[in-house]
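Peer 1: I'd like to ask some things about the structure below.
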Amino acid sequence: MTETFGEAVRRWRAACGITLRELARRAHVDPGHLSRVESGRRPPALAIAAALDNALHAGGQLAALATEASGRVRWPLDGDWRRVDAEALAARLLAESPTADNAVALAHEWLIAEPPQVYEVRAGRRIGARVVDQVERRVQQLRLLDDHVGGVQTHDVVSQELAVTANLLRDASYTEPVGRRLLVAVGELCQLAGYVANDAGRYAEAERLYLAGVRAAHAGGDVAGAANNLSTLAYQEANVGDPRRAVTLARSAYRGAQHAATATARALLLERVAWAHARAGEASQAERALGAVAETYAQRQPADDPVWTYWLSPDEVAVMAGRVWTQLRRPLRAVPILEQATADYGEDTGRETSLYLTWLAESLVQAREVERAVDVAGRALRLAAGAGSVRADDRVQALRRLLRPYRKTACVEEFEQLAREATSRAMRTADHARLTPQLACDEECGG
(Lines give C-alpha, C1' and ligand atoms only; values in the text may rest on other atoms or scores of the structure.)
Protein backbone atom coordinates (compact mmCIF):
# COMPACT_ATOMS: atom_id res chain seq x y z
CA MET A 1 0.00 0.00 0.00
CA THR A 2 1.32 3.49 -0.89
CA GLU A 3 2.26 5.59 2.10
CA THR A 4 0.03 8.62 2.57
CA PHE A 5 1.40 12.08 3.22
CA GLY A 6 0.22 11.97 6.85
CA GLU A 7 1.86 8.61 7.42
CA ALA A 8 5.10 9.92 5.91
CA VAL A 9 5.04 12.94 8.24
CA ARG A 10 4.53 10.70 11.28
CA ARG A 11 7.40 8.46 10.16
CA TRP A 12 9.78 11.39 9.69
CA ARG A 13 8.67 12.98 12.95
CA ALA A 14 9.28 9.74 14.82
CA ALA A 15 12.72 9.43 13.25
CA CYS A 16 13.54 12.95 14.47
CA GLY A 17 12.16 12.15 17.92
CA ILE A 18 9.92 15.23 18.18
CA THR A 19 6.33 15.73 19.22
CA LEU A 20 3.53 16.89 16.96
CA ARG A 21 3.33 20.16 18.86
CA GLU A 22 7.06 20.80 18.46
CA LEU A 23 6.90 20.07 14.74
CA ALA A 24 3.96 22.47 14.42
CA ARG A 25 5.97 25.18 16.19
CA ARG A 26 9.02 24.69 13.99
CA ALA A 27 6.99 24.64 10.77
CA HIS A 28 4.72 27.54 11.84
CA VAL A 29 1.61 25.35 11.44
CA ASP A 30 -1.42 25.21 13.72
CA PRO A 31 -1.12 22.00 15.84
CA GLY A 32 -4.77 21.12 15.27
CA HIS A 33 -4.39 21.45 11.53
CA LEU A 34 -1.20 19.37 11.61
CA SER A 35 -3.04 16.66 13.58
CA ARG A 36 -5.73 16.55 10.88
CA VAL A 37 -3.04 16.32 8.18
CA GLU A 38 -1.27 13.45 9.94
CA SER A 39 -4.53 11.56 10.43
CA GLY A 40 -5.47 12.00 6.78
CA ARG A 41 -8.53 14.12 7.53
CA ARG A 42 -7.04 17.12 5.73
CA PRO A 43 -4.73 17.22 2.71
CA PRO A 44 -1.56 19.31 2.95
CA ALA A 45 -1.34 22.66 1.21
CA LEU A 46 1.89 22.72 -0.79
CA ALA A 47 3.27 25.59 1.30
CA ILE A 48 2.63 23.64 4.52
CA ALA A 49 4.16 20.51 3.00
CA ALA A 50 7.29 22.49 2.10
CA ALA A 51 7.50 23.89 5.65
CA LEU A 52 7.15 20.40 7.17
CA ASP A 53 9.74 19.03 4.75
CA ASN A 54 12.20 21.69 5.82
CA ALA A 55 11.51 21.28 9.53
CA LEU A 56 12.02 17.50 9.31
CA HIS A 57 15.04 17.73 6.97
CA ALA A 58 13.23 15.38 4.58
CA GLY A 59 15.26 16.48 1.57
CA GLY A 60 12.25 17.30 -0.59
CA GLN A 61 10.51 13.92 -0.17
CA LEU A 62 7.50 15.28 1.69
CA ALA A 63 7.15 18.23 -0.67
CA ALA A 64 7.26 15.86 -3.65
CA LEU A 65 4.65 13.58 -2.07
CA ALA A 66 2.31 16.52 -1.49
CA THR A 67 2.84 17.79 -5.04
CA GLU A 68 1.96 14.37 -6.42
CA ALA A 69 -1.15 14.18 -4.25
CA SER A 70 -2.30 17.65 -5.31
CA GLY A 71 -2.39 16.49 -8.91
CA ARG A 72 -4.93 13.75 -8.09
CA VAL A 73 -7.55 15.64 -6.13
CA ARG A 74 -8.54 19.25 -5.44
CA TRP A 75 -9.17 20.11 -1.81
CA PRO A 76 -10.67 23.21 -0.23
CA LEU A 77 -8.56 25.31 2.13
CA ASP A 78 -9.76 25.70 5.68
CA GLY A 79 -9.48 28.60 8.14
CA ASP A 80 -11.21 31.94 8.69
CA TRP A 81 -8.99 34.29 6.66
CA ARG A 82 -10.98 37.32 5.62
CA ARG A 83 -10.63 39.75 2.74
CA VAL A 84 -9.82 42.57 5.13
CA ASP A 85 -7.01 40.45 6.61
CA ALA A 86 -5.56 39.78 3.16
CA GLU A 87 -5.62 43.45 2.24
CA ALA A 88 -4.11 44.53 5.56
CA LEU A 89 -1.32 41.99 5.29
CA ALA A 90 -0.48 42.95 1.73
CA ALA A 91 -0.40 46.61 2.64
CA ARG A 92 1.86 46.00 5.64
CA LEU A 93 4.32 43.76 3.84
CA LEU A 94 4.51 45.98 0.78
CA ALA A 95 4.77 49.24 2.67
CA GLU A 96 8.33 48.76 3.87
CA SER A 97 11.17 48.04 1.46
CA PRO A 98 13.69 45.45 2.66
CA THR A 99 16.94 46.84 4.03
CA ALA A 100 19.91 45.34 5.83
CA ASP A 101 18.24 46.27 9.13
CA ASN A 102 14.76 44.84 8.59
CA ALA A 103 15.27 42.07 6.01
CA VAL A 104 15.45 39.16 8.45
CA ALA A 105 12.35 40.34 10.31
CA LEU A 106 10.46 40.78 7.03
CA ALA A 107 11.54 37.31 5.86
CA HIS A 108 10.13 35.81 9.07
CA GLU A 109 6.89 37.76 8.66
CA TRP A 110 6.46 36.60 5.09
CA LEU A 111 6.98 33.01 6.21
CA ILE A 112 4.48 32.91 9.09
CA ALA A 113 1.78 35.10 7.54
CA GLU A 114 -0.65 33.47 5.12
CA PRO A 115 -0.25 35.07 1.66
CA PRO A 116 -3.32 37.04 0.59
CA GLN A 117 -3.56 35.03 -2.64
CA VAL A 118 -4.93 32.19 -0.52
CA TYR A 119 -8.02 34.22 0.28
CA GLU A 120 -8.96 34.60 -3.37
CA VAL A 121 -8.88 30.83 -3.93
CA ARG A 122 -10.72 30.10 -0.70
CA ALA A 123 -13.44 32.57 -1.56
CA GLY A 124 -13.95 30.93 -4.96
CA ARG A 125 -14.00 34.34 -6.57
CA ARG A 126 -13.10 35.35 -10.10
CA ILE A 127 -9.85 37.24 -9.80
CA GLY A 128 -8.91 40.26 -11.86
CA ALA A 129 -6.11 42.71 -12.52
CA ARG A 130 -6.07 44.00 -8.92
CA VAL A 131 -4.99 40.62 -7.57
CA VAL A 132 -2.33 40.20 -10.25
CA ASP A 133 -1.01 43.68 -9.48
CA GLN A 134 -0.60 42.58 -5.88
CA VAL A 135 1.14 39.34 -6.86
CA GLU A 136 3.59 41.24 -9.08
CA ARG A 137 4.40 43.69 -6.28
CA ARG A 138 5.04 40.80 -3.89
CA VAL A 139 7.42 39.17 -6.35
CA GLN A 140 9.45 42.35 -6.57
CA GLN A 141 9.43 42.75 -2.80
CA LEU A 142 10.88 39.26 -2.47
CA ARG A 143 13.61 40.14 -4.96
CA LEU A 144 14.53 43.12 -2.81
CA LEU A 145 14.49 40.89 0.26
CA ASP A 146 16.93 38.53 -1.44
CA ASP A 147 19.33 41.46 -1.88
CA HIS A 148 19.87 41.48 1.89
CA VAL A 149 19.22 37.92 3.11
CA GLY A 150 20.91 34.73 1.89
CA GLY A 151 19.14 31.75 0.40
CA VAL A 152 19.46 29.64 3.55
CA GLN A 153 17.07 32.07 5.27
CA THR A 154 14.78 32.97 2.34
CA HIS A 155 14.31 29.53 0.76
CA ASP A 156 11.11 28.74 2.65
CA VAL A 157 9.72 32.23 2.15
CA VAL A 158 10.05 32.18 -1.62
CA SER A 159 8.97 28.53 -1.91
CA GLN A 160 5.77 29.33 -0.04
CA GLU A 161 5.03 32.32 -2.26
CA LEU A 162 5.55 30.24 -5.40
CA ALA A 163 3.29 27.46 -4.10
CA VAL A 164 0.36 29.70 -3.27
CA THR A 165 0.66 31.68 -6.49
CA ALA A 166 0.73 28.45 -8.50
CA ASN A 167 -2.37 27.34 -6.59
CA LEU A 168 -4.02 30.62 -7.52
CA LEU A 169 -3.23 29.94 -11.17
CA ARG A 170 -4.62 26.40 -10.87
CA ASP A 171 -7.71 26.90 -8.73
CA ALA A 172 -9.00 30.44 -9.31
CA SER A 173 -11.29 31.67 -12.08
CA TYR A 174 -9.97 34.40 -14.41
CA THR A 175 -9.96 35.76 -17.93
CA GLU A 176 -7.30 34.80 -20.47
CA PRO A 177 -5.33 38.09 -20.09
CA VAL A 178 -5.29 37.71 -16.31
CA GLY A 179 -4.20 34.09 -16.68
CA ARG A 180 -1.30 35.12 -18.89
CA ARG A 181 -0.14 37.66 -16.33
CA LEU A 182 -0.33 35.04 -13.61
CA LEU A 183 1.77 32.67 -15.73
CA VAL A 184 4.38 35.40 -16.17
CA ALA A 185 4.39 36.00 -12.39
CA VAL A 186 4.84 32.27 -11.76
CA GLY A 187 7.72 32.25 -14.25
CA GLU A 188 9.40 35.11 -12.40
CA LEU A 189 8.84 33.40 -9.05
CA CYS A 190 10.36 30.19 -10.43
CA GLN A 191 13.47 32.11 -11.46
CA LEU A 192 13.75 33.76 -8.04
CA ALA A 193 13.01 30.50 -6.19
CA GLY A 194 15.62 28.73 -8.29
CA TYR A 195 18.20 31.38 -7.56
CA VAL A 196 17.45 31.18 -3.83
CA ALA A 197 17.62 27.37 -3.90
CA ASN A 198 20.98 27.61 -5.66
CA ASP A 199 22.23 30.01 -3.00
CA ALA A 200 21.15 27.48 -0.37
CA GLY A 201 23.05 24.70 -2.13
CA ARG A 202 19.93 22.93 -3.48
CA TYR A 203 21.10 22.56 -7.06
CA ALA A 204 18.73 19.84 -8.30
CA GLU A 205 15.76 21.75 -6.91
CA ALA A 206 17.01 24.94 -8.56
CA GLU A 207 17.27 23.26 -11.97
CA ARG A 208 13.73 21.93 -11.67
CA LEU A 209 12.45 25.40 -10.81
CA TYR A 210 14.28 27.12 -13.66
CA LEU A 211 12.87 24.67 -16.21
CA ALA A 212 9.36 25.12 -14.78
CA GLY A 213 9.89 28.87 -15.06
CA VAL A 214 10.80 28.53 -18.75
CA ARG A 215 7.52 26.75 -19.41
CA ALA A 216 5.40 29.15 -17.36
CA ALA A 217 6.94 32.25 -18.94
CA HIS A 218 6.55 30.88 -22.46
CA ALA A 219 2.92 29.99 -21.77
CA GLY A 220 2.37 33.58 -20.62
CA GLY A 221 4.03 35.02 -23.71
CA ASP A 222 7.05 36.33 -21.81
CA VAL A 223 9.97 35.37 -24.05
CA ALA A 224 12.50 37.43 -22.09
CA GLY A 225 11.36 35.88 -18.80
CA ALA A 226 11.74 32.39 -20.24
CA ALA A 227 15.24 33.28 -21.42
CA ASN A 228 16.10 34.66 -17.98
CA ASN A 229 15.18 31.31 -16.39
CA LEU A 230 17.20 29.34 -18.93
CA SER A 231 20.13 31.73 -18.66
CA THR A 232 20.15 31.50 -14.86
CA LEU A 233 20.22 27.71 -15.19
CA ALA A 234 23.24 28.14 -17.49
CA TYR A 235 24.92 30.25 -14.80
CA GLN A 236 24.38 27.50 -12.22
CA GLU A 237 25.59 24.83 -14.63
CA ALA A 238 28.75 26.82 -15.33
CA ASN A 239 29.49 27.00 -11.61
CA VAL A 240 28.62 23.50 -10.38
CA GLY A 241 28.09 21.39 -13.49
CA ASP A 242 29.35 21.05 -17.05
CA PRO A 243 30.66 24.35 -18.49
CA ARG A 244 30.13 23.11 -22.07
CA ARG A 245 26.45 22.45 -21.34
CA ALA A 246 26.34 25.89 -19.74
CA VAL A 247 27.61 27.48 -22.95
CA THR A 248 24.86 25.78 -24.95
CA LEU A 249 22.16 26.84 -22.48
CA ALA A 250 23.40 30.43 -22.22
CA ARG A 251 23.73 30.92 -25.98
CA SER A 252 20.31 29.34 -26.57
CA ALA A 253 18.73 31.69 -24.04
CA TYR A 254 20.30 34.73 -25.72
CA ARG A 255 19.39 33.68 -29.25
CA GLY A 256 15.82 32.90 -28.24
CA ALA A 257 15.24 36.36 -26.75
CA GLN A 258 17.55 38.66 -28.68
CA HIS A 259 14.67 40.17 -30.68
CA ALA A 260 12.17 40.28 -27.80
CA ALA A 261 14.28 41.40 -24.83
CA THR A 262 15.28 44.97 -23.98
CA ALA A 263 18.90 46.08 -24.16
CA THR A 264 19.41 45.67 -20.42
CA ALA A 265 17.93 42.16 -20.47
CA ARG A 266 20.09 41.23 -23.46
CA ALA A 267 23.18 42.52 -21.64
CA LEU A 268 22.31 40.29 -18.67
CA LEU A 269 21.90 37.26 -20.94
CA LEU A 270 25.22 38.06 -22.64
CA GLU A 271 26.97 38.27 -19.26
CA ARG A 272 26.04 34.66 -18.63
CA VAL A 273 27.29 33.71 -22.09
CA ALA A 274 30.63 35.33 -21.23
CA TRP A 275 30.80 33.57 -17.89
CA ALA A 276 29.99 30.16 -19.36
CA HIS A 277 32.73 30.57 -21.99
CA ALA A 278 35.20 31.66 -19.29
CA ARG A 279 34.38 28.63 -17.15
CA ALA A 280 34.85 26.44 -20.21
CA GLY A 281 38.30 27.98 -20.76
CA GLU A 282 37.29 29.67 -24.02
CA ALA A 283 39.05 33.00 -23.69
CA SER A 284 38.40 34.51 -27.11
CA GLN A 285 34.67 33.71 -27.00
CA ALA A 286 34.41 35.08 -23.45
CA GLU A 287 36.17 38.30 -24.48
CA ARG A 288 33.85 38.77 -27.47
CA ALA A 289 30.82 38.24 -25.25
CA LEU A 290 32.11 40.83 -22.76
CA GLY A 291 32.48 43.32 -25.58
CA ALA A 292 28.90 42.63 -26.61
CA VAL A 293 27.75 43.18 -23.00
CA ALA A 294 29.32 46.64 -22.89
CA GLU A 295 27.96 47.60 -26.30
CA THR A 296 24.45 46.35 -25.53
CA TYR A 297 24.27 47.80 -22.01
CA ALA A 298 25.16 51.25 -23.40
CA GLN A 299 21.94 51.11 -25.45
CA ARG A 300 19.65 50.53 -22.46
CA GLN A 301 16.37 52.38 -21.99
CA PRO A 302 15.46 51.77 -18.31
CA ALA A 303 11.82 52.79 -18.77
CA ASP A 304 11.31 49.84 -21.11
CA ASP A 305 13.05 47.23 -18.93
CA PRO A 306 11.34 44.36 -17.10
CA VAL A 307 11.47 44.90 -13.37
CA TRP A 308 13.80 41.92 -12.82
CA THR A 309 16.69 43.78 -14.45
CA TYR A 310 16.68 46.46 -11.73
CA TRP A 311 19.94 45.18 -10.15
CA LEU A 312 22.10 45.26 -13.29
CA SER A 313 24.02 48.46 -12.57
CA PRO A 314 27.29 49.62 -14.16
CA ASP A 315 29.11 48.27 -11.09
CA GLU A 316 27.49 44.85 -11.54
CA VAL A 317 28.53 44.81 -15.19
CA ALA A 318 32.08 45.68 -14.14
CA VAL A 319 32.13 42.97 -11.47
CA MET A 320 31.21 40.32 -14.02
CA ALA A 321 33.96 41.55 -16.34
CA GLY A 322 36.44 41.33 -13.46
CA ARG A 323 35.26 37.83 -12.60
CA VAL A 324 35.65 36.70 -16.21
CA TRP A 325 39.21 38.05 -16.35
CA THR A 326 39.98 36.36 -13.03
CA GLN A 327 38.59 33.05 -14.30
CA LEU A 328 40.80 33.44 -17.38
CA ARG A 329 43.79 34.21 -15.12
CA ARG A 330 44.29 37.76 -16.36
CA PRO A 331 44.95 39.54 -13.04
CA LEU A 332 46.36 42.70 -14.62
CA ARG A 333 42.96 43.27 -16.20
CA ALA A 334 40.87 41.89 -13.32
CA VAL A 335 42.37 43.63 -10.28
CA PRO A 336 41.75 47.30 -11.28
CA ILE A 337 38.21 46.53 -12.42
CA LEU A 338 37.28 44.64 -9.26
CA GLU A 339 38.94 47.12 -6.89
CA GLN A 340 36.97 50.00 -8.37
CA ALA A 341 33.70 48.09 -8.72
CA THR A 342 33.68 46.69 -5.16
CA ALA A 343 34.54 50.00 -3.51
CA ASP A 344 30.87 50.94 -3.16
CA TYR A 345 29.66 47.56 -1.86
CA GLY A 346 29.22 47.38 1.90
CA GLU A 347 27.72 45.58 4.86
CA ASP A 348 24.10 46.01 3.73
CA THR A 349 24.62 43.57 0.85
CA GLY A 350 26.75 41.08 2.75
CA ARG A 351 26.40 38.11 0.42
CA GLU A 352 27.17 40.00 -2.79
CA THR A 353 29.97 41.97 -1.15
CA SER A 354 31.54 38.78 0.18
CA LEU A 355 31.26 37.01 -3.18
CA TYR A 356 32.74 39.89 -5.14
CA LEU A 357 35.58 40.34 -2.66
CA THR A 358 36.53 36.68 -3.08
CA TRP A 359 37.06 37.29 -6.78
CA LEU A 360 39.20 40.33 -6.06
CA ALA A 361 41.21 38.26 -3.58
CA GLU A 362 41.65 35.47 -6.13
CA SER A 363 42.89 37.90 -8.78
CA LEU A 364 45.36 39.33 -6.23
CA VAL A 365 46.66 35.81 -5.51
CA GLN A 366 47.17 35.33 -9.24
CA ALA A 367 49.16 38.58 -9.25
CA ARG A 368 51.26 37.29 -6.30
CA GLU A 369 49.96 40.13 -4.11
CA VAL A 370 49.47 37.74 -1.21
CA GLU A 371 49.22 40.22 1.68
CA ARG A 372 46.63 42.32 -0.17
CA ALA A 373 44.77 39.14 -1.10
CA VAL A 374 44.63 38.02 2.53
CA ASP A 375 43.34 41.41 3.65
CA VAL A 376 40.49 41.22 1.11
CA ALA A 377 39.87 37.55 1.91
CA GLY A 378 39.50 38.39 5.59
CA ARG A 379 36.74 40.88 4.80
CA ALA A 380 35.04 38.32 2.58
CA LEU A 381 35.25 35.70 5.34
CA ARG A 382 33.69 38.00 7.92
CA LEU A 383 30.78 38.92 5.64
CA ALA A 384 30.20 35.34 4.49
CA ALA A 385 29.90 34.19 8.11
CA GLY A 386 26.61 36.08 8.48
CA ALA A 387 25.33 35.89 4.92
CA GLY A 388 23.40 32.59 5.06
CA SER A 389 24.74 31.70 1.61
CA VAL A 390 26.27 28.37 0.59
CA ARG A 391 27.76 30.11 -2.45
CA ALA A 392 29.61 32.63 -0.29
CA ASP A 393 30.85 29.88 2.03
CA ASP A 394 32.08 27.82 -0.94
CA ARG A 395 33.96 30.79 -2.36
CA VAL A 396 35.75 31.34 0.96
CA GLN A 397 36.74 27.68 0.99
CA ALA A 398 38.09 28.09 -2.56
CA LEU A 399 40.23 30.99 -1.33
CA ARG A 400 41.63 28.82 1.46
CA ARG A 401 42.75 26.30 -1.15
CA LEU A 402 44.29 29.03 -3.33
CA LEU A 403 46.26 30.39 -0.39
CA ARG A 404 47.52 26.98 0.73
CA PRO A 405 50.86 27.26 -1.14
CA TYR A 406 51.56 30.39 0.97
CA ARG A 407 50.51 28.85 4.30
CA LYS A 408 53.88 29.53 5.94
CA THR A 409 53.36 33.26 5.47
CA ALA A 410 52.24 34.86 8.73
CA CYS A 411 49.22 36.64 7.27
CA VAL A 412 48.03 33.45 5.56
CA GLU A 413 48.42 31.48 8.79
CA GLU A 414 46.30 34.08 10.56
CA PHE A 415 43.62 33.96 7.85
CA GLU A 416 43.55 30.16 7.96
CA GLN A 417 43.07 30.23 11.73
CA LEU A 418 40.15 32.64 11.38
CA ALA A 419 38.65 30.43 8.66
CA ARG A 420 38.93 27.33 10.84
CA GLU A 421 37.25 29.13 13.73
CA ALA A 422 34.44 30.32 11.45
CA THR A 423 33.94 26.78 10.13
CA SER A 424 33.87 25.41 13.67
CA ARG A 425 31.24 27.97 14.71
CA ALA A 426 29.13 27.13 11.68
CA MET A 427 29.30 23.42 12.50
CA ARG A 428 28.31 24.04 16.12
CA THR A 429 25.36 26.13 14.93
CA ALA A 430 24.27 23.38 12.55
CA ASP A 431 24.60 20.75 15.28
CA HIS A 432 22.54 22.90 17.63
CA ALA A 433 19.83 23.27 14.99
CA ARG A 434 19.70 19.50 14.52
CA LEU A 435 19.60 18.84 18.27
CA THR A 436 16.98 21.49 19.08
CA PRO A 437 13.95 19.25 18.26
CA GLN A 438 15.22 16.45 20.51
CA LEU A 439 16.06 18.89 23.30
CA ALA A 440 12.60 20.41 23.03
CA CYS A 441 11.07 16.94 23.19
CA ASP A 442 13.20 16.08 26.25
CA GLU A 443 12.07 19.27 27.99
CA GLU A 444 8.42 18.69 27.06
CA CYS A 445 8.58 15.08 28.23
CA GLY A 446 10.48 15.95 31.36
CA GLY A 447 13.60 14.11 30.13
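Peer 1: Please give the charge dipole size of segment 316-362, origin at the Cα centre, charges +1 on K and R Cβ atoms and -1 on D and E Cβ atoms. Round to the nearest 20 debye.
Peer 2: 400 debye
Peer 1: How large is the translational diffusion coefficient of segment 139-260 in µm² per second when you combine the Kirkwood radius over alpha carbon pairs with Stokes-Einstein at 10 °C and 1.306 mPa s?
Peer 2: 110 µm²/s
Peer 1: Based on the inverse mean of 1/r over its pairs of different Cα atoms, what is the Kirkwood hydrodynamic radius of segment 276-355, in Å? Don't jump to the answer; show the numbers that get you there.
Peer 2: Working: mean 1/r = 0.0728 Å⁻¹.
Evaluated on segment 276-355, it is 13.7 Å.
Peer 1: Test of understanding: what is the full-extension gain from T4 to R137, defined as 0.36 nm times their sequence separation minus their Cα-Cα distance?
Peer 2: Answer, rounded to one decimal: 44.2 nm.
Peer 1: Run the simple label-point estimate for T423 and R255 please: 7 Å along Cα→C-beta, distance reported in nm.
Peer 2: 4.3 nm
Peer 1: Once you order the gyration tensor axes a ≥ b ≥ c over the Cα atoms, which shape class does segment 219-290 get: rounded for a/c under 1.5, otherwise prolate or oblate by comparing a/b with b/c?
Peer 2: oblate
Peer 1: For q values of 0.22 Å⁻¹, compute log₁₀ I(q)/I(0) with the Debye formula on a Cα-only model of segment 3-48, without solvent.
Peer 2: For segment 3-48, the Cα-only Debye profile gives -0.70.
Peer 1: When you count, for each residue, the other Cβ atoms within 10 Å and take the mean per peptide, how do 281-288, 223-230 rank with the highest first?
Peer 2: Details: 281-288: 16.2, 223-230: 25.4.
Most protected by this proxy first, the peptides run 223-230, 281-288.
Peer 1: Moving on. Could you quote the convex hull projected area for segment 303-400, Cα atoms only and averaged over all directions, in nm²?
Peer 2: 6.7 nm²
Peer 1: Separate question: Protein chains only, probe 1.4 Å: how do I18, I337 rank by accessible area, largest first?
Peer 2: Descending order: I337, I18.
Peer 1: Something else now. What is the packing order of peptides 369-378, 310-319, taking the mean over residues of other C-beta atoms within 10 Å and listing the highest first?
Peer 2: Numbers: 369-378: 20.0, 310-319: 16.3.
Going by the mean number of other Cβ atoms within 10 Å, highest first, we get 369-378, 310-319.
Peer 1: Can you give me the C-alpha center-to-center distance between segment 253-318 and segment 48-62, rounded to a whole angstrom?
Peer 2: Using only Cα atoms to place each centre, the spacing works out to 37 Å.
Peer 1: Would you mind estimating how fast segment 175-318 diffuses translationally, via Stokes-Einstein at 4 °C and 1.567 mPa s with the Kirkwood radius over Cα pairs, in µm²/s?
Peer 2: This corresponds to a translational diffusion coefficient of 86 µm²/s.
Peer 1: Could you state the accessible area per residue of segment 275-392 in Å², with a 1.4 Å probe and every protein chain left in place?
Peer 2: Dividing the accessible area of segment 275-392 by its residue count gives 44 Å².
Peer 1: Per Stokes-Einstein, at 4 °C and 1.567 mPa s, what whole-number D in µm² s⁻¹ belongs to segment 226-267, with the Kirkwood radius over Cα pairs as the hydrodynamic radius?
Peer 2: 128 µm²/s
Peer 1: Need one number: nm distance between label points at R245 and R288, each 7 Å from Cα along Cα→Cβ, rounded to one decimal.
Peer 2: 2.5 nm
Peer 1: Could you do me a favour and compute the accessible area per residue for segment 120-240, 1.4 Å probe, result in Å²?
Peer 2: Values: 4020 Å² over 121 residues.
It amounts to 33 Å² per residue over segment 120-240.
Peer 1: Mind checking the dipole of segment 285-402: about its Cα centre, +1 per Lys or Arg Cβ, -1 per Asp or Glu Cβ, Debye to the nearest 20?
Peer 2: Dipole about the Cα centre, nearest 20: 580 debye.
The values are calculated or read from the model by the stated rules, or taken from the named source; none is laboratory data. None of the values given here were measured: they were computed from a predicted structure. Note: ideal-geometry Cβ built from the backbone for every residue, glycine included; neighbour counts use all protein chains shown. SASA here: full protein model, heavy atoms, side chains in, ligands and nucleic acids out. Shrake-Rupley method; radii C 1.70, N 1.55, O 1.52, S 1.80 Å.
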